[in-house]
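A quick write-up on the structure given underneath.
The values are calculated or read from the model by the stated rules, or taken from the named source; none is laboratory data. What you see is a predicted model, and the numbers here were worked out from it, not measured in a lab. Here the Cβ positions follow ideal geometry from the backbone for every residue, glycine too, while neighbour counts run over all protein chains shown.
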Amino acid sequence: MPRYETVMAFDFGLRNIGVAIGNTLSRTAEPLTVVSAKEGVPHWPSIIALTEEWRPNRLLVGLPINMDGSESELSRRASKFSRQLEGRLSLPVSLVDERLSSREAKADAFAEGHRGDFVTNPIDDKAAAIILTTWLNDQPMMPSG
């Protein structure tokens, strides 16, 4: 396993899938783009092109579980998406609890002046960055030197 990894995170949705990129060296995450989806089926050529461009070592998928910890239909579909990513891209995929990422992304967007038109101006990439930041914060610090 590489000492430092480039990590790509996905915020799974039925119409949009947010994508963010980050790494374990700087421990930072940046929103990248929003990939369109149709009933949860992503535009695979876009996802493949992103992974070819950024060459991540690991992929993360936000798992939208209910506040009580139970699974939802959306969490089952996100799990299926993570298995498809792993199968198509041959990269390790981890699921990350993202219970509050969309709410946090919306709050951040409103604070930055977003007007609430999330269909025409989606923020799924920002939610993916929050998922990635959550994962990075849970990783042990790398030894220096």
inquiry  = So if I check each of Arg88, Arg3, which one is over 21 Å from Ile123 (Cα atoms) and at pLDDT 95 or above?
reply    = Arg88
remark   = Scanning segment 1-58 residue by residue, those touching a His at 6+ places or on another chain (Cβ under 8 Å) and surrounded by 17 or more Cβ atoms within 10 Å (Cβ to Cβ) turn out to be Val35, Ala37
message = I'd like the residue in segment 89-116 that is under 22 Å from Asn57 (Cβ atoms) and charged (D, E, K, R) and, out of all such residues, is surrounded by the fewest Cβ atoms within 10 Å (Cβ to Cβ).
response = Asp97
query = List, please: which pairs have Cβ atoms under 7 Å, are six or more places apart or on different chains, and start with a residue in segment 121-138 that is outside any helix (DSSP H, G or I) and end with one that is hydrophobic (A, V, I, L, M, F, W, C)?
reply = Pro122/Val34; Ile123/Ala105; Ile123/Ala109
inquiry  = Suppose we filter segment 59-83 for residues that are closer than 24 Å to Thr6 by Cα and either among the hydroxyl-bearing types (Ser, Thr, Tyr) or buried (at least 16 other Cβ atoms within 10 Å of the Cβ) (or both); how many remain?
reply    = 10
